[in-house]
Structure formats: C-alpha cells, structure tokens
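J.: This is the structure, below, for whatever I ask next.
The values are calculated or read from the model by the stated rules, or taken from the named source; none is laboratory data. Just so we're clear, the structure is a prediction, and the values are computed from it rather than from any experiment. We place every Cβ from the backbone using ideal geometry, glycine too, and count neighbours over all the protein chains shown. Keep in mind that these areas ignore ligands, DNA and RNA; they rest on the heavy atoms of the full protein, side chains included. Shrake-Rupley method; radii C 1.70, N 1.55, O 1.52, S 1.80 Å.
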Amino acid sequence: MKKFEKLTSAIVPLNIENIDTDQIIPARFLKATTREGFGENLFCDWRYDENRNPKPDFVLNDKTYAGKILVAGKNFGCGSSREHAAWAIQDAGFDAVVSSFFADIFKGNALNNGLLPVQVSDDFLHQLFIEVAKNHENEVEIDLEKQTITILSTGQQETFEINPYKKSCLINGYDDIDFILNQKQLVEEFEQTK
Amino acid sequence: MSKTLVEKIWNAHVVKSEAGFPDILYIDTHFIHEVTSPQAFDGLRKRGLPVFRPKQTIATADHNVPTLNQHLPIKEELSRYQVDMLTKNCAEFGVELYGLGHPFQGIVHVIGPELGITQPGATIVCGDSHTSTHGAFGSIAFGIGTSQVEQVMATQCLLQQKPKTMKIEVNGETGIGVSAKDIILYIISQISAAGGTGYFIEYAGSAITSLSMEARMTICNMSIEMGARGGLIAPDETTFEYLKGKEFSPKGEEWDKAVAKWKTLYSDADAHFDKVLTFNAADIEPMITYGTNPGMGMGITQNVPATNKQAVPEQLSYQKALNYMGIADNSPLLGKPIDYVFIGSCTNSRMEDLREVANFVEGKHKADGVTVWIVPGSKQIEQQAIAEGLDKIFEAAGFQLREPGCSACLGMNEDKIPAGKYCVSTSNRNFEGRQGQNARTLLASPLTAAAAAVTGRVTDVRELLAEHV
Ligand code: SF4
C-alpha cells in the first residue's frame, strides 16, 4: 500500500451533500477485473454529456482547479460497498478526501487503499469552500502525523481523528492482511474452540 | 454483565482484542459474487496465498446476469468476462459456485437464507453493502470492500472496530396495505440516510417480531440505507421454523443442539444500547420516495416537503435532487404518471412478495404504456412461482416474469430504465442513475408498485384494496 505522511496541495471542491458511490463510479463501470483505470469514469454522469463530451461547468473539467485533495459535502461515499469508488478517486490523482461526514464502508475502503479521509467540522468545510472560491490555487496542508489540516492562506487549522492503528498502517504503508497473517496461529487456535 | 445481542455474537467471535487495535473478528460465512471478488482473488495470487477456509466461502453470479435466456452465453462482453472470471477463480481456489444454470443460483442475499446457510449467531460478510439482510436471522452480517474480501479469503478474519449499538423499536400494528418495506422506508425517512452511521441496529417491538422471516429480511436489508453497517433481529420460533429442513440447516441431533444455542441469542433485558429510538406502527402509511436518497421518502398521501423547510446548507442539494427527479416541492405524488414498475432485488423478490403481488393483480391488468418486470431473487423462487401458477397470473396481467438476478436494481445487465423515465421500484436505492443513466426511481413496497402498474400512476394501494371488501 502507498505510504501517506504529509500533503500540501490545492483542492478540488465538490459542494454537494450525500454523494453516493453510484455517483462516484456508476455501476456500469464495475465490470473491470483489475483495480486500475477507474479514474477516467470518476463522477462520470456529472462529468460528461451523452456523447462523452466534458461538461464545462463540472469542477473536474475546469482546468483552473487542480490538486490532490477532493473536498466534498456532508455524508460522502454513502451507498454501496464498492471499493471501486476509492480506487476511482485515487486513480484520478487524489490522495485525500475532506468532508464533514463520511459513510462507514467508504471510509474503511479508502483507508485500506492509502486514500486518506479527513473529517472536519461543518464550519471548517464551509471555510474551505469559501477560500477555494476566492482563489482556486489556495493550498491546504494535511499532516497525518500531527493529525492536522490547515488552510495555508488564512492559517485556519483543525485537528482530525483517525484510528491509531490505521494511522500507523498509512504511515508505514502496510495493510490488514499482513497484520492478521502474522497471527495466523491464533486464528487456528480460535477455530479449535468453536 | 448484561449484553446486547450484537455484543454476545461479537464477543464469541473475537480472536484477539488488543488496546489501540481493531479486534480480529472471526468470520463464519463469506459470500462472494462476480463484481467485487476478481481483484481480491488477484491479490491472493500476488501474495501466493490460497483461500484459507474455502468451505466457508460461497459464490454466486447475480449482479451482471441477464434475466432473459440465461441458458445462452451472456451477450454483453464485459459482463460475460466478469462472470467467467468468477467461474475460473472459484475452480482455481476450490470455492463452491452457484453460477448460472445451477438450481441454487440467485441474488447472494436471497440464496444464503433460503439454503439455510445463513444462521443465527453467525458472523457473515460479503463484498456487498446489503449483506445486512442476513441479520434477520440474528447474525452479525455486514458489507465489506474488496480489500476486506481478500482479507477474509486469506485469513477467515477481519480487523474490525466494535460498532456502537442502536435499538429501534416499532410497536403496535400496521394498517392495511402497509408492509415491512413501508416500515423500513418510514424509519429511514425519520432518521435520514446517514442517521445510522457507525451503528449496528437491533430491530425490536411487536411490529417487528410479528413479521415473517422474509419480511424481516426486507427490514434488515435496508439498514445500510441509513448508514448503519448492519441490522439484526433476535431469532425466535419464526426463525427456527423457517430454517427447519433447509438444504444446509443442521439436521437431527445437530438441529436440537443448534436451536438450544440459538435460544440464548437475545439482548439482555437491561442491556445498554448507545441509542434507542421508538416508533409507532400505526403512524405508518404506504411509503414512497421522491428524491435521490432513500431518506427522501414520505407517506404516499403527503406532499413533497418544501425546500425552505430543509436546513439552509442542505437546500442546494435538496433542490438538485428534486430537479433530477423532475418533481416539484410542496406537491403531491399521488396520480403522477409512471413508466416502469420493477418488482425485484434483494429487498423484495422473495416468494411472499411474488405471492402478494400475484394475489393483488389476479383479474387486473397493467395500464397501457407501463412496462412491468418481475425478477425473482433466485432460481428456486422462480421455479416455485411457476409451480404455484403465479407465472400465469402475471402473464394475464401483462407483467413479465423474468429469470433471477439483481437486474434493474442497479442496471449492470441489460435491464435499465431509460433516461427521464419514472420507475416505481421495490429495490433499495433511488440514487441518480442507479437504474440507468438519468432514470428516476420511486422506491416503494411490492403492493404499492403493483398498484402503480395497474393504474399507470402513483397510487394509494389502500384505495384498490378497499374495492375488494
Ligand atoms: S439486488 Fe441490488 S442491492 Fe441487492 S445485491 Fe443486487 S445490486 Fe445489490
């Protein structure tokens, strides 16, 4: 898994609430059998028209927005368990997603792939949208070690929560399977007691 | 100390619990399907690992499969490839597959229970969010992502934080024309599409315990639509009765032992829940959704809530949802013309659903211009429906009985609702594009869907039921 430490980047704002996994990556693109290539269909139905021409008013098609941090409205990633949603966001070049609330399964899937979900307060989220509206190039810094997110133009900062185990996984780039495999003996012993 | 049912089952499955780390949770049963498993099998190959306990993994093909002419090769190339890949992977890793053509094939959450694989007190996972369905038997069942599918295949365990617990009690009796689907749509409309996030929900109360197993599955199925990881109902005589004699249920002495154990599965009277909500069954009307998440639902006789009644930061998203639906706020939905009716999905595609619909439409006919698809949840249900002659009733009513699969619930196969069209659907999600690009979904119960099929409009089924008496 990819390591995550610190990230300084401009942000891509998507000020919509309850963005579900069917919006992130529609089901008709789930037929691939590898993890790669989902990025080009990220937010497909918002991003392209029927003839697959980019819709100019959608943020991913606006070249003035660039960055590795996706900032979205409350309850991001609700809906299906498809990990393809996390893969698509990553494949499109994002390393972190910021929202004021994440759906459970999405959050777990993101963490399992080294995509950092950063949950901030409603106020802070609002500030992020304001700052990026003022200047699309305004940068944000996410420091995983310190668990802080900072709007560099204003200095506003908030700390965010992350499970300590997941944090060490991200920083060291290892995953749950490595962790459990190291304790396989215990699993076998447990099976004997059932 | 007194414990909730979730805690009891959880504790019985903890392999290791260490401060600062998630628990290592043992998984009894793992269901897989063609969409979320290929990358996991690939991961095993890359790590050089086998499936650790192949007998505890069961596979089926459901999401991509056509619902007509299943005996022919799948036409759509990518779908065929994905289904073939599942067949290949299962053969290579020694996993039992109920694929196309197998008498047990069907939607993963329908076949587990009907085969008796889903049992009380078990931990059950699947790379699919509606795994919560299996909670109806009093099990901890939840959806996982593909990395976790790989994790379970590699270790038969998952790293999991113990969830918070919520109890939702529904007391009293529901009125005529109100089904389990209406109960759950009502609960979601009350607590919102995110109201259950972080929780495992135990459903209780007389309106729940009086439900059949199939109806309980409908309730637990939609737990995820309020953000909860899972939902469950304590097992009781209804549960045991349902499981008795099923293909993989314990038999003979084993059965007695199992039932004795299952009888210990309930929340202690004074067990602590992190949250408790209580509803009154008599308040529930037949429900329908008007928006683009399952929380946007209302009683069928009501008006779509006004935009200015929503919290200010939410008004933009609310308006966007209504625009997509082509529905005005403050207006009724009753009488709105519809184009499609889809009766199917792991929420409502079981025998009782089909019987209820057949019973209602017998002697009636669908309205002109409405397309009606009935997609049974499994091959066994399809066969049973034919054996009971329901196919004839459907045919006479102009309803098309198709072959089993997920179908228009998510439109991964050919069964898509065209852009702009309205579909009254018994499935579980009304997200933008869920049933096809720019398709508009109105979630409802099988009865409400059947009523819409007959009138061609959003209809209060109670009026048609009243005509009977
Ligand atoms: S029927 Fe729908 S919700 Fe159920 S498993 Fe299939 S796609 Fe998922």
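J.: Any idea which residue in region B:321-330 is farthest from B:K421 (Cα to Cα), counting only those that are surrounded by 15 or more Cβ atoms within 10 Å (Cβ to Cβ) and not small (G, A, S)?
T.: My answer is B:D329.
J.: Give region B:334-346 a look and list any residue that's closer than 20 Å to B:V65 by Cβ and either part of a helix (DSSP H, G or I) or away from the ligand (no atom under 13 Å from the Cβ) (or both), or say none.
T.: B:Y340
J.: Another question, if that's okay. Please find, among B:M222, B:M226, the residue that is surrounded by 24 or more Cβ atoms within 10 Å (Cβ to Cβ), within 16 Å of B:P446 (Cα to Cα), of a type in the set (A, V, I, L, M, F, W, C) and within 14 Å of chain A (Cβ to nearest Cβ). Break it down stepwise before answering.
T.: On the way: B:M226 fails: within 16 Å of B:P446 (Cα to Cα).
Going through B:M222, B:M226 in turn, the sole match is B:M222.
J.: In addition: Which condition number in (1) open to solvent by 20 Å² or more (accessible area, probe 1.4 Å); (2) in contact with a Lys or Arg (Cβ under 8 Å, 6 or more places away or on another chain); (3) not hydrophobic (A, V, I, L, M, F, W, C) is the one that B:Q310 fails?
T.: Exception for B:Q310: condition (2).
J.: Considering only region B:431-438, I want to know if a residue exists there that is more than 16 Å from the ligand (Cβ to nearest atom), part of a helix (DSSP H, G or I) and open to solvent by 10 Å² or more (accessible area, probe 1.4 Å).
T.: The answer is no, given that none of the residues of region B:431-438 is more than 16 Å from the ligand (Cβ to nearest atom), part of a helix (DSSP H, G or I) and open to solvent by 10 Å² or more (accessible area, probe 1.4 Å).
J.: Limited to region B:74-120, what total is found for residues that are part of a helix (DSSP H, G or I) and over 30 Å from B:V259 (Cβ atoms)? Full working, then the answer.
T.: Of all residues in region B:74-120, those part of a helix (DSSP H, G or I) come to B:77-93, B:108-114.
Cutting the leftovers down to over 30 Å from B:V259 (Cβ atoms) gives us B:77-93.
Qualifying residue count, region B:74-120: 17.
J.: Which of the following residues is of a type in the set (S, T, Y), away from chain A (no Cβ under 14 Å) and more than 15 Å from the ligand (Cβ to nearest atom): B:S349, B:S331, B:S378?
T.: B:S331
J.: Looking only at residues in region B:9-22 that are within 28 Å of the chain's Cα centre (by Cα) and open to solvent by 50 Å² or more (accessible area, probe 1.4 Å), which one is nearest to the other protein chains (Cβ to nearest Cβ)?
T.: B:A12
J.: Okay, moving on. Taking helices (runs of 4 or more DSSP H) that fall entirely within region A:31-149, which contain at least 3 residues that are open to solvent by less than 30 Å² (accessible area, probe 1.4 Å) and facing another protein chain (nearest Cβ under 10 Å)? Explain how you work it out, then say what you get.
T.: On the way: elements: A:44-47, A:84-91, A:104-111, A:122-134.
Once the helices (runs of 4 or more DSSP H) in region A:31-149 are filtered for at least 3 residues that are open to solvent by less than 30 Å² (accessible area, probe 1.4 Å) and facing another protein chain (nearest Cβ under 10 Å), what remains is A:84-91, A:104-111.
J.: Mind listing just one residue for me: the one in region B:83-141 that is aliphatic (A, V, I, L, M) and free of Cβ contacts under 8 Å to residues at least 60 places away in the same chain and, of those, nearest to B:S37 (Cα to Cα)?
T.: B:L86
Condition check ((1) outside any helix (DSSP H, G or I); (2) free of Cβ contacts under 8 Å to residues at least 60 places away in the same chain; (3) within 14 Å of chain A (Cβ to nearest Cβ); (4) within 15 Å of the ligand (Cβ to nearest atom)) across all residues:
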{"site": "B:G363", "(1), (2), (3), (4)": "yes, yes, no, no"}
{"site": "B:D391", "(1), (2), (3), (4)": "no, yes, no, no"}
{"site": "B:G405", "(1), (2), (3), (4)": "yes, no, yes, yes"}
{"site": "B:I417", "(1), (2), (3), (4)": "yes, no, yes, yes"}
{"site": "B:R429", "(1), (2), (3), (4)": "yes, no, yes, yes"}
{"site": "B:L442", "(1), (2), (3), (4)": "yes, no, no, no"}
{"site": "B:A452", "(1), (2), (3), (4)": "no, no, no, no"}
{"site": "B:L464", "(1), (2), (3), (4)": "no, no, no, no"}
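J.: Is at least one residue of region B:289-307 within 16 Å of the ligand (Cβ to nearest atom) and aromatic (F, W, Y)?
T.: Within region B:289-307 (the criterion being within 16 Å of the ligand (Cβ to nearest atom) and aromatic (F, W, Y)), the answer is no, since none of the residues qualifies.
J.: How about region B:124-207: which strands (runs of 3 or more DSSP E) wholly inside it have at least 1 residues that are within 16 Å of the ligand (Cβ to nearest atom)? Outline the logic, then answer.
T.: Values: elements: B:140-143, B:157-160, B:164-171, B:199-204.
In region B:124-207, the matching strands (runs of 3 or more DSSP E) lie at B:140-143.
J.: Just the residues that are among the β-branched types (V, I, T) and touching a Cys at 6+ places or on another chain (Cβ under 9 Å), please, taken from region B:117-138.
T.: Once the filter is applied, which keeps residues that are among the β-branched types (V, I, T) and touching a Cys at 6+ places or on another chain (Cβ under 9 Å), region B:117-138 yields only B:T133.
J.: Next question, about the same structure. For region B:23-48, enumerate the residues that are open to solvent by 10 Å² or more (accessible area, probe 1.4 Å) and within 19 Å of A:E189 (Cβ to Cβ).
T.: Result: B:D23, B:D28.
J.: Failed condition for B:V51, given (1) away from the ligand (no atom under 16 Å from the Cβ); (2) part of a loop (DSSP other than H, G, I, E, B); (3) surrounded by fewer than 23 Cβ atoms within 10 Å (Cβ to Cβ), with all others met?
T.: (3)
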